[in-house]
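One structure below.
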Amino acid sequence: MSIYELKPRFQGLLRPLVGRLHAMGVTANQVTLAACAVSVALGLWLFFAAPSLAAFGLIPAWMFVRMAFNAIDGMLAREHGQQSRLGAFLNELTDVVSDAALYLPFALVPPFSPFWVGTVIVLAGARPLCGAGLAAAGLGGMADAAGRGARGLDGGQPRAPRAGRGGVAPQRTNINSHRDPMTDTNTNQRSPQERQFRTHDGESLFYRHWPATGGARRGAIVLFHRGHEHGARMAHLVDELGLPDFDFFAWDARGHGRSPGQRGYSPSFATSVRDVQTFVQHIGSAHGVAEHDIHVIAQSVGAVLVSTWAHDYAPKVRGLTLASPAFKVKLYVPFARAGLGLMHKLRGLFFVNSYVKAKFLTHDPERIASYESDPLISRPIAVNILLGLYEAADRVVADANAITLPVQLLI
């Protein structure tokens with residue numbers, strides 16, 4: 001029997017207590033903070049009082065009780081309507097603080113040393129706090145490491161959806177069957193043609209093409225979606241912009257939507273940038289749209305991809321519109337980016353998950369509902385892409401003068 005099979009039984013034993021706590025007015029966030037306070041108090045007592053080694057036996061005992069606290073706060077949030085963005089953030093933050101406090105006393109125990117215990121604390125905290133920082137920053141469709149949702153007995157998807165266990169195993173999506181949530185409900189909308197193009201390395205990526213309907217074509221608008229999303233999420237712009245004399249194109253980036261590959265993964269950020277170049281070249285060769293007749297609209301991570309492409313490939317497109325480009329993300333742990341880089345080198349590829357909520361992306365109730373029910377939105381982002389995003393953003397912003405195209409920046 002695995003720990004995941006024990007989890008429902010453990011929660012079942014706690015459910016009567018959870019009901020009583022809810023009736024008393026106890027909140028999930030209060031339970032989260034209480035568990036953190038006990039962990040910090042125990043860790044600091046062991047560190048400063050320096051009792052006998054036998055006292056360290058309190059740590060595993062408390063960890064079992066803390067597991068119950070974590071299950072209780074998750075059940076209060078999920079089963080009693082207390083889910084919130086703050087709760088998801090507190091889950092990650094208090095876990096890191098609690099773990100750090102409990103690791104700290106081992107710096108006094110041979111053969112451990114303060115340096116290596118400190119290194120473990122920084123590396124252990126880097127990944128979840130990186131994700132929490134992404135959530136707090138509201139990075140469009142990109143976000144944060146997920147909450148405690150799938151970690152053993154403790155929490156169970158309490159305050160935020162997640163993909164994979166512990167942010168390591170990405171979900172795969174059926175890319176062969178899907179109704180576009182933004183294009184199949186209104187018969188008055190322009191209908192897209194579904195196509196594929198072959199990239200520079202032989203991968204076949206999916207895209208949508210809305211042909212011009214207003215007579216002679218005057219040019220084309222090419223749309224690039226946010227991280228975690230896909231081209232259909234931008235399909236509403238085709239009609240809202242009111243440009244019947246222009247073709248529209250929207251791809252599903254590699255590892256997104258109906259394009260193949262692990263969800264949220266590309267061999268490198270540079271590979272995805274080169275995919276942009278290949279896509280624009282394909283539009284020219286397959287659809288006869290000259291580069292100087294193309295205007296590009298991109299959001300969030302897509303905007304960083306496009307600005308990097310504009311910097312590195314110097315295309316002669318008509319202009320760029322960059323909406324909320326993900327040039328800067330605030331992280332709440334020192335050296336988080338360095339820690340992620342070191343972890344990537346030591347353990348190879350892993351994934352950071354998102355728990356961004358649709359209500360923070362739009363105020364339109366229909367699009368919120370569409371986002372929440374969209375099976376092609378994928379939560380993971382590969383660590384190499386996250387690190388590549390930072391590097392590309394730093395480089396492009398530092399050398400922005402090299403981009404001489406007309407650019408509209410929407411913050």
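The values are calculated or read from the model by the stated rules, or taken from the named source; none is laboratory data. None of the values given here were measured: they were computed from a predicted structure. Every residue, glycine as well, gets a Cβ built from its backbone with ideal geometry; the counts of neighbours run over all protein chains shown. Each accessible area value is taken on the protein alone, full model and side chains, heavy atoms only, with ligands, DNA and RNA left out. Shrake-Rupley method; radii C 1.70, N 1.55, O 1.52, S 1.80 Å.
For residue 356, which sequence-distant residues (separation of 5 or more, or a different chain) have an amide H within less than 5 Å of its own amide H, given hydrogens modelled in the peptide plane?
Distant-sequence amide H within range of residue 356: 144.
With every protein chain left in place, what is the accessible area of residue 280 in Å² (1.4 Å probe, nearest 10)?
10 Å²
Grab every C-alpha pair in segment 213-317, bin the distances at 10 angstrom width from 0 up to the longest one, and report whole percents.
Whole-percent P(r) values from 0 Å outward: 15, 48, 32, 5, 0.
Would you mind telling me the share, in percent, of accessible area of segment 298-411 contributed by carbon and sulfur at probe 1.4 angstrom?
Numbers: 3160 of 5510 Å².
Reported share for carbon and sulfur atoms: 57 percent.
Quick one: check the C-alpha center-to-center distance for segment 283-320 versus segment 67-116, whole angstrom.
If we compute the Cα centre of each part, the gap is 44 Å.
Peptides 388-396, 375-383, 358-366: what's the order by average Cβ count within 10 Å, highest mean first?
Ranking, from highest mean packing down: 375-383, 388-396, 358-366.
For segment 218-356, what is the accessible area per residue in Å² when the probe is 1.4 Å?
Details: 4710 Å² over 139 residues.
Per-residue accessible area for segment 218-356 comes out at 34 Å².
Accessible surface of residue 265 in the full protein assembly, 1.4 angstrom probe, to the nearest 10 Å²?
The accessible area of residue 265 comes to roughly 70 Å².
Compute the Rg to Rh ratio over segment 33-77 from the alpha carbon atoms, using the Kirkwood formula for Rh, and round to two decimal places. Working shown, then result.
On the way: Rg = 12.1 Å, Rh = 11.3 Å.
Ratio of gyration radius to Kirkwood radius: 1.07.
Would you kindly work out the equivalent ellipsoid of segment 252-411 from its C-alpha gyration tensor and give its semi-axes, the square roots of five times the eigenvalues, largest first in whole Å? Spell out each step's value before the answer.
Details: eigenvalues 133, 87, 58 Å².
Taking √(5λ) for each Cα gyration eigenvalue gives 26, 21, 17 Å.
If you place +1 on the Cβ of every Lys and Arg, -1 on the Cβ of every Asp and Glu, and leave all else neutral, what size is the dipole of segment 267-336 about its Cα centre, to the nearest 20 Debye?
Working: 5 positive and 4 negative charges, 49 e Å.
The calculation lands at about 240 debye.
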